[in-house]
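Worksheet: the structure to be examined is printed underneath.
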Amino acid sequence: MAKQKTQFVCSNCGYTSAGYLGRCPNCGQWNTLVEEKIVPDTVVNRKARISLDGRVAKPQRISEISGNETPRVQTGMQELNRVLGGGIVPGSLVLIGGDPGIGKSTLMLQVSGQLTETGGSVLYVSGEESANQIKLRADRLGVGSDDFVVYPETDMQQIESVIQQMEPDFLVIDSVQTMQEPDLQSPIGSVAQVREVTADLMQIAKTNGITIFIVGHVTKDGAIAGPKILEHMVDTVLYFEGDANYKYRILRTVKNRFGSTNELGIFEMRDRGLREVSNPSEIFLEERLAGATGSSITASMEGTRPILVEVQALVAPTVFGNAQRVTTGVDRNRVAQILAVLEKHANLLLQNQDAHVRITGGVKIDEPAADLAIALAVASSYHEKATSPSDVFLGEVGLGGEVRSISLIEDRLKETAKLGFKRAIISKNNLPGTILPEGLQVIGVATLEEALKIGLGLQRYTRQDNLN
Ligand code: TYD
Ligand code: MG
C-alpha cells in the first residue's frame, strides 16, 4: 500500500484520524474533521523565509531595522492602486473575491496586461478557461505582450515547477477553487484543498518574492469553500462587488496589511473590459429625475472618499396583508427603524403603507449618516413633495427623533460643494468647529421634524398641526 500522505484533523480539538469521520470521537462535534497533508518529522521541508531583497530572514533588534517602505509597483489603474494602499507590494499575496461573473478574470487580465507593459512578467494560471478562451478575451482587451504567459492547469505540483522555471514577477491563480494538491483526496474546491493550495501559494510568494493574485469565488451555499476561510492567510483581501445587472463594479478592500481597509475603487464594465471611474458621484447622480418625489441625496463615505448617492423611496398603500418593507442597497432593519421614527415623531402613518427604499446605481450603504436622507426620501414620497435637487442630507436619526452628528462631515461637505449642490442639511451638533466650504449653505437641525420642514418646504410641520 502506498504510504499515506494525508490525515484528517479535527478543527475543534485537534484529534487526528487516518480516514474521514463524520463525528469526532474525541470531542463529539460533527463535521469538524478536515484533511491535511502529513508533514514528516524527519524532513525539514519548510524553506526559510526570504526577505524581498533576497536575504534569509533573521532575528533583528527593532532599532536596527530600517523602516524604509518597499517601493510599490504602480498598476496602470489608479483605482486599483488606491485599494491596494498605493500600489502593489512586491511579494504580497492578494485575494480577489467576488460572485461568479462579476468580472474578476477580466480585471486580472487587464492588470496583467498593464504589468507586462511596464516591464514585469506575468504567469496567468487558469483552471477555468482554456488557453483559447483566454486568448479571445485578451484580444478583446488589447492584452498581448510576450511577457504574458497563459497556463491552463489545475495541478499545484505542475504549477510550482513552471513557476520555478519561469520565475515570473507576478502570478495570477484563477481561481483557487479549481486548483488541487494531488496528494489530498478531498475533492477540488473543498475546504481542505483550498486551504492547502493557499498555504502553498503563500510559501511561493514569501520565498521567491513573487506577487500572487488569487481569484476566489464567493458562493452563497456552503458546499464549496469560499474565500472567507483564506482571509487570514493572505496579505490583502479585495472584494469585487456589484450587481450583474448594473454596469458599475466596486472593488473594496476588506483586509490590508499594507494600507487602510475600506478603500474603494469604482469601475464600469464595458464591451472592451473595465474602465476606471474617477468621479463616481457624477455617475451615481446622472440619471436623477429633477422634481421627482421620493428622492434625496446624501454623501456616503466609501473608505476615505465621499460619494454622493441618490436614495429613492416609494410609499404606497398596502394592498394585501402586512405592509411590505423592501430595500435595495441598504439594511432592511435600519429602514424599518427609520420608518418607526417617522411614524412616532413626524406623524407619518406608515403602518398600512408598503415602503420601498433603494440606493440607485447598485451602491450599498451601511453607515448611519444616510439615515436622514432615507427619512427625507420616505417623507417626500409620503407627502408627494419633492426635495430640492440642490439639497444634500447628512445625519444619523436617533430613536427619539433627533438628528445626530456624523463622522467626516468636512470631507462630505467639500464633495457636496464641489458637485454644485447649494444646501446641506446636517445635525446642528456637527456645526461647531467645522470648516464650511464656500458656496454651500449649511443648515444645522436638531430634530427630524425640523429637517423635514426645511427639506420638503412644508410651512408648518408639528405633530399638533397634523392632528388638527
Ligand atoms: P468575468 O471576468 O469572466 O467574471 P468572473 O471571472 O468574475 O467570473 O466577467 C464576465 C462578465 O463580464 C460577462 O458577463 C461578460 C462581461 N464582460 C464585458 O461586459 N465586457 C468585457 O470586455 C469582458 C471581457 C467581459
Ligand atoms: Mg473568471
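The values are calculated or read from the model by the stated rules, or taken from the named source; none is laboratory data. Just so it is clear, the structure is predicted and the values come from calculations on it, not from any experiment. We place every Cβ from the backbone using ideal geometry, glycine too, and count neighbours over all the protein chains shown.
Conditions tested, residue by residue: (1) among the small types (Gly, Ala, Ser); (2) touching a helix residue (DSSP H, G or I) at 6+ places or on another chain (Cβ under 9 Å); (3) over 21 Å from Glu129 (Cβ atoms); (4) touching a residue at least 60 places away in the same chain (Cβ under 8 Å).
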residue	(1), (2), (3), (4)
Phe148	no, yes, no, no
Thr154	no, yes, no, no
Gln165	no, no, yes, no
Asp183	no, yes, yes, yes
Ser186	yes, yes, yes, yes
Ala199	yes, no, yes, no
Exercise. Return yes or no: is Gln464 at negative phi, at pLDDT below 95 and in a helix (DSSP H, G or I)?
Key: yes
Exercise. Just one of (1) outside any helix (DSSP H, G or I); (2) within 16 Å of ligand 2 (Cβ to nearest atom); (3) of a type in the set (A, V, I, L, M); (4) at pLDDT 95 or above trips up Leu123, so point out which.
Key: (2)
Exercise. Within region 105-120, track down each residue that is within 14 Å of ligand 2 (Cβ to nearest atom) and surrounded by fewer than 16 Cβ atoms within 10 Å (Cβ to Cβ).
Key: none
Exercise. Test Pro90 against the stated conditions and say whether it is in a loop (DSSP other than H, G, I, E, B), in contact (Cβ under 8 Å) with a residue 60 or more places away in the chain and within 12 Å of ligand 1 (Cβ to nearest atom).
Key: no
Quiz item: In region 152-166, how many residues are buried (at least 17 other Cβ atoms within 10 Å of the Cβ) and either within 13 Å of Glu196 (Cα to Cα) or outside the structural domain of Gly189 (by TED's automatic domain parsing) (or both)?
Solution: 1
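Output the number of residues of region 114-140 satisfying the condition of being among the aliphatic types (A, V, I, L, M) and more than 28 Å from the chain's Cα centre (by Cα). Outline the logic, then answer.
Initial filter on region 114-140 (among the aliphatic types (A, V, I, L, M)): 115, 122-123, 125, 131, 134, 136, 138.
Going one step further and asking which of them are more than 28 Å from the chain's Cα centre (by Cα), we end up with 131, 136.
Final tally of qualifying residues: 2.
Of all residues being of a type in the set (D, E, K, R) and under 33 Å from the mean Cα position of the chain (by Cα) in region 339-359, which is surrounded by the fewest Cβ atoms within 10 Å (Cβ to Cβ)? Just the residue, please. Reasoning before the result, please.
First, the residues of region 339-359 that are of a type in the set (D, E, K, R): 343-344, 354, 358.
Pick out the ones that are also under 33 Å from the mean Cα position of the chain (by Cα) and you get 354, 358.
Values: Asp354: 17, Arg358: 19.
Only one residue tops the list, namely Asp354.
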Quiz item: Can you find even one residue in region 341-353 that is acidic (Asp, Glu) and either in a loop (DSSP other than H, G, I, E, B) or closer than 27 Å to Arg252 by Cβ (or both)?
Solution: no
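Taking the criterion of being over 16 Å from Leu314 (Cα atoms) and touching a Phe, Trp or Tyr at 6+ places or on another chain (Cβ under 7 Å), would at least one residue in region 412-431 satisfy it? Write out each step before concluding.
Residues of region 412-431 that are over 16 Å from Leu314 (Cα atoms), as a first pass: 412-431.
Next cut, touching a Phe, Trp or Tyr at 6+ places or on another chain (Cβ under 7 Å) only: 425.
Yes.
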Practice problem: Considering every residue within region 275-291, establish whether at least one is within 21 Å of Ile214 (Cβ to Cβ) and at pLDDT below 80. | Solution: no
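Here is a check on your reading of the model: is Gly395 loosely packed, with under 15 Cβ neighbours inside 10 Å, in the same structural domain as Ile338 (by TED's automatic domain parsing) and over 20 Å from Pro280 (Cα atoms)?
Details: loosely packed, with under 15 Cβ neighbours inside 10 Å: no; in the same structural domain as Ile338 (by TED's automatic domain parsing): yes; over 20 Å from Pro280 (Cα atoms): yes.
Criteria not met by Gly395.
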Practice problem: Output the number of the condition that Gly395 fails; it satisfies all remaining conditions of (1) over 28 Å from the mean Cα position of the chain (by Cα); (2) at pLDDT 95 or above; (3) under 20 Å from Arg305 (Cα atoms); (4) small (Gly, Ala, Ser). | Solution: (1)
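Only one residue in Leu274, Leu308 is within 30 Å of Gly259 (Cβ to Cβ) and assigned by TED's automatic domain parsing to the domain that holds Glu241, so which one is that?
Answer to the selection: Leu274.
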Quiz item: In region 128-218, which helices (runs of 4 or more DSSP H) lie fully inside it and hold 3 or more residues that are within 16 Å of ligand 2 (Cβ to nearest atom)?
Solution: 131-141
Exercise. Output the number of residues of region 310-332 satisfying the condition of being surrounded by 15 or more Cβ atoms within 10 Å (Cβ to Cβ) and among the acidic types (Asp, Glu).
Key: 1
Quiz prompt | Residue identified as out of contact with any Ser or Thr (no Cβ under 8 Å at 6 or more places or on another chain), assigned by TED's automatic domain parsing to the domain that holds Gln337 and buried (at least 17 other Cβ atoms within 10 Å of the Cβ) among Thr416, Thr434 | solution = Thr416
